[in-house]
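Enquirer: Let me begin by handing over the structure; questions about it come next.
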Amino acid sequence: MPLPIEIVLFIFLLTTAVVIARLEDLFAAAMLTGIFSLLSAGLFTIMDAVDVAFTEAAVGAGVATVFILCTLSLTAKREYQQPTRILPFIVVGITGAALIYGTLDMPAYGDPDAVPHGHLSAKFIEIEEKAFLSQDKHAAEPAQHGSGEKAVGLPNIVTSILASYRGYDTFGETAVIFTATIGVMLLLRTRRREKKVSPPNRDQMETTS
Amino acid sequence: MQWLGLWHYWAVIILMMIGLYIVIARDNLVKKVMGLSIFQVSVIMFYVSTGKVEGGTAPIIPEGGHDLVYSNPLPHVLMLTAIVVGISTTALALALIVRIQEAYGTVEDDELNAIDGAAL
Amino acid sequence: MRMREKIILRVVSKAFIPFIFLFALYIQFHGDFGPGGGFQAGVVFAAGIILYGVIFGLDTMRLAVPERLMEYGIVLGLILYGGVGIVSLISGANFLDYDVLNAHDPTHGQHLGILLVELGVGITVTCAMTTIFYALAGRGEK
C-alpha cells in the first residue's frame, strides 16, 4: 500500500523535473535542482536509506548547486529559446517504454522475499546484528571471532559495509574524488600560475599564446 | 493487479526519462549537466527502491533491538559511492564547460557546432 | 562588493557557521552509530567553508582557509586511508583488514580502522570540495 506522502513527493519531484526542463532562466533551474535533490532526500528517508538521504541532501542541495551557480556566473544566465523538437520525445518515449517493460518481471516494491535481500545482504545483517547485540551483553567477551566469522560490531550496518567489508570500494571512491579534483585544478588553475610569473615574461606568454 | 506494486519503479523511470530528455533535447551545456544530475538521482532512487523491505526500518541496529526487520543495506552502500562519483563528474563537467565558454564564447550546443563547422 | 552591505546575511552566517562545523564533526564521529560518515561530514564541512566564502568574499576565505592547505589535505586524506591499509598489511593481515589494528580485541581494531578511514574520507572530501569551489569561483574574480 503506497503511503500518501510517497505519492505527494513523487508528484513534487515530477513537477520540479518538468519545470527544470522547461525553464529558460538557468539560475532558477539551478535552484530547482537543489530543491529536486532535497525532495529526493525525503523520498530516500521513506525508503529507509537514511545515509543516502543524508548524502543527497548535503551534496545535491548544498555543494552541487553552488558549483552550478559558480559556472553560471561564468557562462550565460539564460539559455536560448528553442523550438520543441519531436525526435527527442520519440527517443525518450521508446526508452521509457522499454524500461517499464523491463520492470514487469521485477519483484514488487518492498517484497521481503525479493532476490536482492537474500545472499550477501542477509548475511551482513545477520552477522552484524549478532555481533553488536552480543557485544552489548558481555562487553569483555570478544564477539564472534572464535567462530571464524568476522564481524565489525557497529550499530550502523551501512558504515560497517562501507568502511570495512567494502573498504576497497570506498578507497577507490576516495581516489575518484582525488582524481576529479586534480582534473578540475588542471582545467581551471592556469591563470593563477601565470599571475606569479614576472611581468615581462607574462607579456611574452600572452603574445605567444 | 500484481503490477500495482511496481508503480515506484515506473515513477522513477518517468523521472529518469525527463532527465534524459533534458540531456538530449536542450542545447545549453549547463542545462545538460542539470539533466544528467536528475538522471543520476533517478538511477540512485531506482537502486534504493529495490532495497526496501516492507515493514523494515533503516539498517541501524538499536540498543537491545531484537527481531527487527531491516531494509537491505547493500544498495545504500553502493549508491553512496555513486553519489560521490556523481558530484566528482559534475564538478569536472562544469570545469570543462567553463573552459569551453572561454574558448568559444558560448555554451550552446548548436552554436558550438556552427563554430566548429566554420573552422573546418 | 555589494555583499558588504547585506548585514543580516553577514551576522546570521557568522552565527551559523560554527554550528555547521560542529554538526559536521558530529556526523563525522557519530557516523558509526547513526546515519552519517566521512563523506557526509566532509560535504557539510565544505558547505560551511563555502558559505563563509560566498558571504565574505574569496580573499577573506583565502586568509581563513589557505588554498595550499586544502590541496595538501586532499592528498593527506587519501594517504591516511591507504596508510591504514598498509599498516594492516605490515601487521600480517590483508590490505584494509582492520582486525589486527588492536592486538587484544579485533572488534576494537575494526572500530579504530573505520574511524581512521572515515576521517581520511572526510578530510579528502572537505578539501576536494573547497578546492573545486576555489577553482570555479577564482576563475570568475580575475
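Enquirer: Please give the number of the condition A:Ala41 fails out of (1) more than 9 Å from chain B (Cβ to nearest Cβ); (2) out of contact with any Phe, Trp or Tyr (no Cβ under 8 Å at 6 or more places or on another chain); (3) within 18 Å of B:Ile44 (Cα to Cα).
Expert: Exception for A:Ala41: condition (2).
Enquirer: Let me ask something else about it. Which residue pairs have Cβ atoms under 8 Å apart, sit 6 or more places apart or on different chains, and have a first residue in the stretch A:47-63 that is facing chain B (nearest Cβ under 7 Å) and at positive phi and a second that is at pLDDT below 90 and in a loop (DSSP other than H, G, I, E, B)?
Expert: A:Asp48/B:Gly51; A:Asp48/B:Lys52; A:Asp48/B:Val53; A:Asp48/B:Gly56; A:Asp48/B:Ala58; A:Asp48/B:Pro59; A:Asp48/B:Ser71
Enquirer: Would you be able to say whether some residue in the stretch A:77-90 is without any contact (Cβ under 8 Å) to a residue 60 or more places away in the chain, among the aliphatic types (A, V, I, L, M) and surrounded by 14 or more Cβ atoms within 10 Å (Cβ to Cβ)? Before you say what the answer is, go through the steps one by one.
Expert: Quick first cut of the stretch A:77-90, residues without any contact (Cβ under 8 Å) to a residue 60 or more places away in the chain only: A:77-90.
Among the residues that remain, those that are also among the aliphatic types (A, V, I, L, M) are: A:86-87, A:90.
Among the residues that remain, those that are also surrounded by 14 or more Cβ atoms within 10 Å (Cβ to Cβ) are: none.
Within the stretch A:77-90, none of the residues are without any contact (Cβ under 8 Å) to a residue 60 or more places away in the chain, among the aliphatic types (A, V, I, L, M) and surrounded by 14 or more Cβ atoms within 10 Å (Cβ to Cβ).
Enquirer: Looking only at the stretch C:27-47, count how many residues are more than 18 Å from A:Val59 (Cβ to Cβ) and in contact (Cβ under 8 Å) with a residue 12 or more places away in the chain. Reasoning before the result, please.
Expert: Taking the stretch C:27-47 as the starting set, the residues that turn out to be more than 18 Å from A:Val59 (Cβ to Cβ) are C:29-30, C:32-34.
Narrowing further to those that are in contact (Cβ under 8 Å) with a residue 12 or more places away in the chain: C:29, C:32.
So the count comes out to 2.
Enquirer: Considering the stretch A:80-103 alone, what residues qualify as being within 7 Å of chain B (Cβ to nearest Cβ) and either aliphatic (A, V, I, L, M) or more than 30 Å from A:Glu24 (Cα to Cα) (or both)?
Expert: Our first condition is that a residue be within 7 Å of chain B (Cβ to nearest Cβ); within the stretch A:80-103, this holds for A:80, A:82, A:85, A:88, A:91-92, A:95-96, A:99-100, A:103.
Selection gives A:Val91, A:Val92, A:Leu99, A:Ile100, A:Thr103.
Enquirer: Which residues, counting only those in the stretch A:64-76, are free of Cβ contacts under 8 Å to residues at least 24 places away in the same chain, more than 7 Å from chain B (Cβ to nearest Cβ) and either hydrophobic (A, V, I, L, M, F, W, C) or at positive phi (or both)? Reasoning before the result, please.
Expert: Looking only at the stretch A:64-76, we keep the residues that are free of Cβ contacts under 8 Å to residues at least 24 places away in the same chain, and these are A:66-67, A:70-71, A:73-75.
From the residues that got through so far, the ones that are more than 7 Å from chain B (Cβ to nearest Cβ) too are A:66, A:70, A:73.
A:Val66, A:Cys70 - these are the residues of the stretch A:64-76 that are free of Cβ contacts under 8 Å to residues at least 24 places away in the same chain, more than 7 Å from chain B (Cβ to nearest Cβ) and either hydrophobic (A, V, I, L, M, F, W, C) or at positive phi (or both).
Enquirer: Separate question: Can you confirm whether B:Ala58 is more than 21 Å from the chain's Cα centre (by Cα) and either at the interface with chain A (Cβ under 7 Å from one of its Cβ atoms) or in contact (Cβ under 8 Å) with a residue 40 or more places away in the chain (or both)?
Expert: Numbers: more than 21 Å from the chain's Cα centre (by Cα): yes; either at the interface with chain A (Cβ under 7 Å from one of its Cβ atoms) or in contact (Cβ under 8 Å) with a residue 40 or more places away in the chain (or both): yes.
So B:Ala58 fits the description; yes.
Enquirer: With B:Val77, B:Val43, B:Val85 as the choices, which residue is aliphatic (A, V, I, L, M) and more than 7 Å from every other protein chain (Cβ to nearest Cβ)?
Expert: Details: B:Val77 fails: more than 7 Å from every other protein chain (Cβ to nearest Cβ); B:Val85 fails: more than 7 Å from every other protein chain (Cβ to nearest Cβ).
Of B:Val77, B:Val43, B:Val85, the one residue that is aliphatic (A, V, I, L, M) and more than 7 Å from every other protein chain (Cβ to nearest Cβ) is B:Val43.
Enquirer: A follow-up question, please. Pairs please, first residue from the stretch C:48-64 and under 19 Å from C:Ile7 (Cβ atoms), second anywhere and polar (S, T, N, Q) and surrounded by fewer than 18 Cβ atoms within 10 Å (Cβ to Cβ), Cβ atoms under 9 Å, 6+ apart in sequence or on different chains.
Expert: Close Cβ pairs satisfying both conditions: C:Leu51/C:Ser13; C:Tyr52/C:Ser13; C:Tyr52/C:Thr60; C:Gly53/C:Thr60; C:Val54/C:Ser13; C:Ile55/C:Ser13; C:Phe56/C:Ser13.
Enquirer: Starting from the stretch A:4-20, keep only residues that are more than 10 Å from chain B (Cβ to nearest Cβ) and closer than 13 Å to A:Ser40 by Cβ, then list their pairs with residues that are at pLDDT below 90 and assigned to a helix (DSSP H, G or I) whose Cβ atoms are within a distance under 7 Å, requiring at least 6 positions of separation or different chains.
Expert: none
Enquirer: Looking at this structure, is C:Glu71 free of Cβ contacts under 8 Å to residues at least 24 places away in the same chain and over 20 Å from A:Ala151 (Cα atoms)?
Expert: Numbers: free of Cβ contacts under 8 Å to residues at least 24 places away in the same chain: no; over 20 Å from A:Ala151 (Cα atoms): yes.
For C:Glu71, the condition - free of Cβ contacts under 8 Å to residues at least 24 places away in the same chain and over 20 Å from A:Ala151 (Cα atoms) - is not met.
Enquirer: Moving on to the next point. Taking the conditions exactly as written (in contact with a Phe, Trp or Tyr (Cβ under 6 Å, 6 or more places away or on another chain), modelled with pLDDT of 80 or more and β-branched (Val, Ile, Thr)), does A:Val92 satisfy them or not? Let's see the steps before the verdict.
Expert: Details: in contact with a Phe, Trp or Tyr (Cβ under 6 Å, 6 or more places away or on another chain): yes; modelled with pLDDT of 80 or more: yes; β-branched (Val, Ile, Thr): yes.
So A:Val92 fits the description; yes.
Enquirer: Tell me which residues, restricted to the stretch C:48-77, are surrounded by 22 or more Cβ atoms within 10 Å (Cβ to Cβ) and within 8 Å of chain A (Cβ to nearest Cβ).
Expert: The answer is C:Ile50, C:Ile74, C:Gly77.
The values are calculated or read from the model by the stated rules, or taken from the named source; none is laboratory data. Note that the coordinates shown come from a computational prediction; the quantities given were computed from them, not determined experimentally. Please note: Cβ atoms are built from the backbone with ideal geometry, for glycine as well, and neighbour counts cover all protein chains shown.
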